[in-house]
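Asker: Provided herewith is a single structure, encoded as structure tokens, for subsequent inquiry.
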Amino acid sequence: MGKITDIRENIGKVIIGKDETITMVLTAILAGGHVLLEDVPGTGKTMLAKALARSIDASYNRIQFTPDLLPSDITGLNVYQAGKGEFVFNEGPVFCNILLADEINRATPRTQAGLLECMEERQVTIDGVTRRLAEPFFVIATQNPIETSGTFPLPEAQLDRFIMKLSMGLPGRDEEAGILERFLGEKKNALLESLEPVASMNDIETMKAEALKVQVHPQIREYIADIAVATRKRDDVAAGVSPRGSLALMNSAQAYSYIQGRDYVTPEDVKKLAGPVLAHRLYVGVSFGSVRSGREIIDEILNEVPVPTEVF
């Protein structure tokens, strides 16, 4: 677990007081998924993505999503070169290891859909030619939950591609003071650029393979299934968690257990990850005078579904 600890500590040099969020992001990448960060501007979302890329010596690109952005601006396109007398493919920013999709909900649904194949299949198909993306390929998408003017809410099919939905959250008083102290007399970009890699992409691929070997007891698998089924039986949920969500919860629990230095998943791992992994996958029905969040519903389900009692 030395590499994971090194990565967390390296990112912690520029991201103050967000150890839990850093751990969740690392859990997502080891589980082979992508992360949606929903938070107000200025909470460190972009810096987190950059610090992660520098820590694992990964290629990094950022896309600022806007209403006039086209799918080809993401994936690339074939351009005719008169000197060669042929079309040449110009790679888009999606050809990297870590992609920051900033304010993804500001792009049109057509452009948002341009990321679907990339995120799910790890490939891009243009003019009938399929090109594989680099491994690992990890998308960190951001959106502002407050400013909704001129935005296009992500459809359920797009949300389901994100293994977790997280929030950085505003810092507390002590964390805020720590941030001011850390960057006193030094530009934040200078500190970020001073980060040296502490792991390689091969290390990430190795850890992903090892995380998949973490044991999941049959009772734990049944527990995950019970939670998923419970989301489909509620009157205040129009559409519950799909099998993709159940698999995402199991794989995330394996990765989280691996990061904690264990080779088995506990019920507490499942409960800790159920909110970030499942809440955004619920299509919550809204009745007059009642607005329920996915997180509230998942918390209620966790209190209702019996927890495996066998000692692990």
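Asker: Could we say that Lys45 is among the charged types (D, E, K, R) and free of Cβ contacts under 8 Å to residues at least 60 places away in the same chain here?
Answerer: no
Asker: Do we find that Thr43 is crowded, with 18+ Cβ neighbours inside 10 Å, under 13 Å from the mean Cα position of the chain (by Cα) and either assigned to a loop (DSSP other than H, G, I, E, B) or of a type outside the set (A, V, I, L, M, F, W, C) (or both) in this structure?
Answerer: No, not satisfied.
Asker: Any idea which of (1) part of a helix (DSSP H, G or I); (2) surrounded by 16 or more Cβ atoms within 10 Å (Cβ to Cβ) is the one Ala225 doesn't satisfy?
Answerer: In the conditions (1) part of a helix (DSSP H, G or I); (2) surrounded by 16 or more Cβ atoms within 10 Å (Cβ to Cβ), Ala225 misses (2) alone.
Asker: Which one is least open to solvent (accessible area, probe 1.4 Å) among residues in region 86-118 that are acidic (Asp, Glu) and under 29 Å from Ser55 (Cα atoms)?
Answerer: Restricting to residues being acidic (Asp, Glu) and under 29 Å from Ser55 (Cα atoms), the top hit is Asp102.
Asker: Limited to region 178-215, what total is found for residues that are out of contact with any helix residue (DSSP H, G or I) (no Cβ under 6 Å at 6 or more places or on another chain), without any contact (Cβ under 8 Å) to a residue 60 or more places away in the chain, aliphatic (A, V, I, L, M) and more than 20 Å from Phe137 (Cβ to Cβ)?
Answerer: 3
Asker: Applying the selection to region 159-178, what residues are of a type outside the set (Gly, Ala, Ser), over 15 Å from Ile22 (Cβ atoms) and outside any loop (DSSP other than H, G, I, E, B)?
Answerer: Scanning region 159-178 gives Leu159, Lys165, Arg173, Asp174, Glu176.
Asker: All but one of (1) of a type outside the set (Ser, Thr, Tyr); (2) farther than 30 Å from Thr5 by Cβ; (3) open to solvent by 40 Å² or more (accessible area, probe 1.4 Å) hold for Asn61; which doesn't?
Answerer: Condition not satisfied by Asn61: (2).
Asker: Considering region 228-251 alone, what residues qualify as being touching a strand residue (DSSP E or B) at 6+ places or on another chain (Cβ under 7 Å) and open to solvent by less than 30 Å² (accessible area, probe 1.4 Å)?
Answerer: Thr231, Val237
The values are calculated or read from the model by the stated rules, or taken from the named source; none is laboratory data. Treat the numbers as computed from the prediction; the structure is a model and nothing was measured. In this analysis, Cβ positions are derived from the backbone assuming ideal geometry, glycine residues included, and neighbour counts consider all displayed protein chains. Remember, those area values only see protein heavy atoms, side chains included, never the ligands or the DNA or RNA. Shrake-Rupley method; radii C 1.70, N 1.55, O 1.52, S 1.80 Å.
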